[in-house]
Amino acid sequence: MNKLLRWLFSLHLGVVLFVIISIYAVLSTLLPQGLPVEHYLQEYNFGAVIIAFGLHNAYSSWIFRLLMFLLIINLTGCTAKLIPSQLKRYKESFTPALKQNAENLWKDGMSVNQIKQTLATKGFKWSEKDGDLWGVKHRIGIFGSTVTHIGIIIIVLGSFVGNYFAHEGFFNLMPGERATFHDQNFSVLLKDFYIEFRDDNSVDQYYSELNVLQNGDIIKEETIWVNRPMSHEGIQFYQSSYGWASRLRITDTEGNEVMNRFLRNDESVFFEPAHLTIHLFGYFPDFTMGHNNMPVTRSERQVNPHYAVVLYHFGEFADSFIINPDQSFTFQGYEIEFSDSVLYTGLIYRRDYGYYFVLLGCILLMAGLFMAFYTYPKYILLRKGELYAITRQNAWGFTMWLKRQFNL
Amino acid sequence: MGLLFYEELFFMLAFAGYIVASIAFFVLLVSAKDKIGKFAVAITTVGFALHTVAMVFRVIESGRLPFSNQYEFANSFTWGIVLCYLFIHFYYRFTAVGAFVMPLAFLMMGYASLLPRHVRPLMPALQSRWLTIHVGTAVVSYGAFAVACGLSVIYLLNSRKSNDEQKKKLLPDQDAVDFLSYRVTAFGYLMLTIVIVSGAIWARSAWSRYWAWDPKETWSLITWLIYSLYLHLRFNRGWKGRPAAWFSIIGFACVIFTFIGVNMYLPSIHSYV
Ligand code: HEM
């Protein structure tokens, strides 16, 4: 039991986990993720293995969770084990042992006092122990690895717990429409959505002007774009996609309007009186014919607007048209036309408090690394005729630095 | 003629400079003549200055840092490699390292020269101040890993070389190479951590999630794990010398794959080519 526990908290297991997680991650990037199970069984010789190891959904598989769980246990144990010795070494009275092959940097003509003074200006604090002089700097850096490890633990836990409680969704709005968040007691109204173009008609940016409404009052007005979400009550709203919606009008032989509604690209509507399905194949604001005779748009600017429409009668293909907003076509006496195309916006919303923990973990991680690599503890042992640079992390670099201070 | 013409001109001059420098460094290894080393470093420095001028022209013309397509990354990456090398040279007086670093710079620049180089405005997802931090740190991080890789190659070659006295004088002491490679890796690792963290923060503001296991993200994490392994084995198990050198080379292969391979072989929303 004891042995198992010791292994669970050992660097040995840590290294094994590093290797396994890396291999697992490499394999996951070589396989398409999230397809139906049958796909893997058919396409790959090792389909069953892929499924068994959860590699088709690598990061929500039980294997990955198990690996992460073990990593956290291992890392927590490892870190906890180290803390007592670090606390001991952090004490002011602590001095490290001198290595046998340590290089004595003392040169004739040096003076103890001068060395003390020079290094004191570089931040070394001097004390005496058993007749030797010890200079020390950056003792705090002893905790670098611990701070780093705690950062990792917080990141992994924060992301798992965060994802578990995170709340995400997607909605489309046309200008004037609103989305209501019942559990939140507010709604989001799209005042306007527009695209800003550059001279070459390519897209510069997408803008959604949003109002947040509560009990009929506007409590917030914000314009969001890609890279600038709106935040409200812990929920972030992101500009994510867009599309065109176009007005379909059908009039009968007497000129009465019998249908008037918006259709999105690739959306169909069934018109009962004529048993007609009208499919808006697409709206092409800057229309041109592409190769193999498919309509395409050169940009999202309404330079040469056209609609491509396909009709199905009793479920059978009946006809297709490419028309502009001033044109119409008739089917069994009904006049069908498209016009008034508007952009709608696609917004993602997400609430994930785990993110703030992950962020905290990242800050600790970076601070810990900086401590471990740069503000690691540095000791200088000074006796008459002897001068040593002592450190665990970077003996060579610290020795070199010390030599430079005295032009050795 | 526009600034981009001059950008191309200076780019080509710098490229030529790096080729000459690479050759000179190799001559240095064979001949062990001090003068050739001085010449190689001088050419590298001049090439670097020309390269910097080329980049400045592009920055003026495009109105932003050259961080937004594969050509610009490769170009900045080259610049980062040479910058790190020159720093190592002038700070630690490690001249011969150039023999294994400059060819990397020259290959990367050659790769850049094959890519389309027109200045395109930034697509919406790239319009963020995080772009500067994310790619800026990536440039130095990758540059540092390239230098660590060059040092490791030297270490491996040197550890089986004859005891030719003159060459020994030229090549730095093995312990120093080993240590320096470690220090440079540690720096690159810290920078890589900032790359990944800033990327996550940026991804959250652009795409709503901070981490989605997209192949580019995953590969940067794999690279990071490999260097984590390196640091732990070195620090706790005393893996120095040859195994550490091999690790460093494998790590750099991962860096290159993350940078080029992922775009070529794996589908990713990160592929801005
Ligand atoms: C991804 C995760 C990890 C990161 C980023 C990380 C980072 C670090 C860093 C930066 C150091 C200081 C090394 C140096 O100064 O060169 C360190 C030390 C150490 N790490 Fe980790 N580590 C991680 C995971 C682990 C795991 C899983 C273990 C497992 C048991 C572990 C065990 C240790 C030990 C024993 C030390 C030595 C600490 C000392 O004596 O001061 N680490 N780690």
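Coordinate-derived values only; no laboratory data. Everything numeric in this text was worked out from a predicted model, so none of it was measured. Virtual Cβ from ideal backbone geometry, glycine too; neighbours counted across all protein chains shown.
Summary of values
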item	result
Neighbours by Cβ (under 7 Å, 6+ apart or cross-chain): first from the range B:185-197, in contact (Cβ under 8 Å) with a residue 60 or more places away in the chain and at the interface with chain A (Cβ under 7 Å from one of its Cβ atoms); second of a type outside the set (Gly, Ala, Ser) and assigned to a helix (DSSP H, G or I)	B:194/A:366; B:194/B:137
Residue list for the range A:343-360, filter: surrounded by fewer than 22 Cβ atoms within 10 Å (Cβ to Cβ) and within 16 Å of the ligand (Cβ to nearest atom)	A:360
Flag if residue B:253 is surrounded by fewer than 20 Cβ atoms within 10 Å (Cβ to Cβ), without any contact (Cβ under 8 Å) to a residue 24 or more places away in the chain, closer than 22 Å to residue A:23 by Cα and within 10 Å of another protein chain (Cβ to nearest Cβ)	no
Residue selected from the range B:217-244 under the condition within 9 Å of chain A (Cβ to nearest Cβ) and not aliphatic (A, V, I, L, M), by the criterion farthest from residue B:133 (Cα to Cα)	B:237
Residues satisfying the stated conditions in the range B:202-216, i.e. more than 7 Å from chain A (Cβ to nearest Cβ) and not in a loop (DSSP other than H, G, I, E, B)	B:202, B:203, B:207, B:216
Residue under evaluation residue A:10, criteria (1) away from the ligand (no atom under 16 Å from the Cβ); (2) more than 10 Å from chain B (Cβ to nearest Cβ); (3) polar (S, T, N, Q), criterion not met	(1)
The range A:166-204, residues that are facing another protein chain (nearest Cβ under 10 Å) and of a type outside the set (Lys, Arg)	A:166, A:168, A:170, A:195, A:196, A:199, A:200, A:202, A:203, A:204
Unmet criterion (only one of (1) within 14 Å of chain B (Cβ to nearest Cβ); (2) part of a loop (DSSP other than H, G, I, E, B)) for residue A:325	(1)
Residue that is nearest to the other protein chains (Cβ to nearest Cβ) [pool: residues in the range A:13-38 that are free of Cβ contacts under 8 Å to residues at least 12 places away in the same chain and over 26 Å from residue A:71 (Cα atoms)]	A:36
Residue within the range A:21-30 that is loosely packed, with under 13 Cβ neighbours inside 10 Å and away from the ligand (no atom under 16 Å from the Cβ) present	yes
Subset of the range A:365-408 [more than 21 Å from residue B:90 (Cα to Cα), within 13 Å of the ligand (Cβ to nearest atom) and in a loop (DSSP other than H, G, I, E, B)]	A:375, A:376, A:377, A:391, A:392, A:393
Filter pass, residue A:359 being within 30 Å of residue A:236 (Cα to Cα) and free of Cβ contacts under 8 Å to residues at least 12 places away in the same chain	yes
Residue A:75 surrounded by 15 or more Cβ atoms within 10 Å (Cβ to Cβ), of a type in the set (A, V, I, L, M) and closer than 27 Å to residue A:145 by Cα	yes
